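Read-outs throughout are calculated quantities, based only on the coordinates presented, and are distinct from any laboratory measurement. These numbers come from a predicted model, not from an experiment. Every residue, glycine as well, gets a Cβ built from its backbone with ideal geometry; the counts of neighbours run over all protein chains shown.
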Amino acid sequence: MDQSFLAAFFTAFVTLFIVIDPILVAPLFAALTHQNTQKERRRIAIQAAAISLGVLVFFALLGPWMLKHLGIELAAFRAAGGLLLFLIGFRMFFDPDEEVEAKRPGPKASARDNVAFFPLALPMLAGPGAIATVMLLMNDGAKEYGDQAFVAQAAVLLALALVLLIGIPVMMSSGSIAKALGRTGMNMISRLLGMLLMALATQYIFDGVRVGILERVGNG
C-alpha cells in the first residue's frame, strides 16, 4: 500500500478518534437509550454514526469552498480550530466530568422520538471540533502530498468512516465499558486523550500563525 496513504490514514485516524472520542460518548448513549430494546439501541447507534458521517463528509468536501466564499483564509481557520480543540483538550485533561456535561443534552432530549440526530450525531459525534478537524486534515492532505493529494484525502475519509464504524459497537457496549473501567478509568482515558489533543491543537495554532502572519510578513 502507498506510503502517503498509510501516513495520512494513521494521522487522520488517531486525530479523529481523539476528537470524536466514541468512548466519551458511550456513557451518554447508555443514559439516553437505557429504556430502549437491544434492537432499537443498535438502530440508534447506526443512525447516529451514519448521520455524523454525512455531516462530516459534507464539511470535508465543501468546507474549504464555503470558507473561500466567506473570505476566511485557511490559516485563520486553522488557528481558530486549534483554539477550539485546545479548549476541548484542556477540559478533557483538567475536568473530564465537565467535558461530559458540555456534551450532555437538555432534560427533554431523552424524550425525543429520535435521539440519533440530536444529541448523538450533533453535537456529540459530529461537533464543532470534529468538523474543524476533518477540514484541516483534508487541507493538509492537499498541501502536503501534492500530486498524491487525492490519495491522502481518500485516506482521511476512510479513517473518518472507520472511527465512526468503531463507534457503533463502542456505543452498543457502553454499559459494559463504563462498568469495567469505572469512573476512574474513564477519567484516566479522557485525560490521556486530552493531553494529546492539546499538543495537536498547539501545533495547529503555530501553523496558522506561521502561515497567516509570519510568512506573509516575510514575503512582504
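The label point for Gln3 and the one for Leu83, both projected 7 Å from the Cα toward the Cβ, are 3.8 nm apart. Estimated at 0.36 nm per residue, the fully extended path between Leu62 and Asn114 surpasses their Cα-Cα distance by 16.0 nm.
Spin-label model, Asp207/Ala142: points 7 Å from Cα along the beta carbon direction are separated by 1.4 nm.
Computed from point charges on the beta carbon alone (+1 for Lys and Arg, -1 for Asp and Glu), the dipole magnitude for the chain about its Cα centre is near 640 Debye. Highest mean packing comes first when the peptides 136-142, 185-191 are listed by Cβ atoms within 10 Å, giving 136-142, 185-191. Among Ala154, Ala130, Ala121, which one shows the biggest mean-square fluctuation in a GNM of the chain, springs joining Cα atoms closer than 10 Å? Comparing Ala154, Ala130, Ala121 in the GNM, the peak value goes to Ala154. Length gained on full extension, Arg191 to Ala154: 10.3 nm, using 0.36 nm per residue less the C-alpha separation. Taking other Cβ atoms within 10 Å as a rough exposure proxy, His34, His69 sort from fewest to most as His69, His34. Helix-only arithmetic for the chain: the sum of -39500 (n - 2.57) across DSSP H runs with n ≥ 4, divided by the residue total, places the mean residue ellipticity at 222 nm at -27000 deg cm²/dmol.
Note on Phe94 and Ser176: the model spin-label points, each 7 Å out from Cα along the C-beta direction, lie 3.7 nm apart. Close lysine pairs were tallied over the chain: pairs 8 or more places apart or on different chains with Cα atoms under 23 Å apart number 4.
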